[in-house]
Amino acid sequence: MPGLLFVSQPTLDGWLEAGHADVTAEGLHLDGAPPLALEPALRVVALVEGRDDAGLVGKVRTEAAIRAAGGEPYGDSLLLGDVVYTVEPGFLASVPLEGGMALAPRAVAQAGAEATGPRGSAAPSNVAAARRTPGAP
């Protein structure tokens, strides 16, 4: 089973501008690695108005799932019924995991911290670091 990695639009834009990534019909190509399938997604950042009965704050959902639930994304906002959220648009990438193992929480946190450089434009090598299993070289 693949892991899922949320890539924000500004991060992807930074990778593309720096020449570290390319997007084709096959998916996201990172520095010569096999392509990763992409699906438009939203990271729900904050509740603006209403009650978060759906428990979406802090979650990532595909745009298709949001629309199926009656949500209407628009830019950095999401309207779900009478509830308004701030969202971060981006993509979910299906990432093959070594040995079917989940990512080590420390590796994910480290890669996330390294990936949040200026304008979110850190090199995708941070993604490869997050895919390593504990104890791997």
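Residues of segment 32-55 with backbone nitrogen within less than 13 Å of a virtual label 7 Å along the Cα-to-Cβ line of Thr86, please, listed as ranges. Counting only backbone N, you get 44-49. What does the C-alpha gyration tensor say about the overall shape of segment 49-91? Classify as rounded when a/c is under 1.5, otherwise prolate if a/b is larger than b/c, or oblate. Here segment 49-91 falls in the rounded category.
Just so you know, all these numbers are worked out from the coordinates, no wet-lab data involved. Just so it is clear, the structure is predicted and the values come from calculations on it, not from any experiment. When we count neighbours, we look across all protein chains shown, and the Cβ atoms used for this are built from the backbone with ideal geometry, even at glycine.
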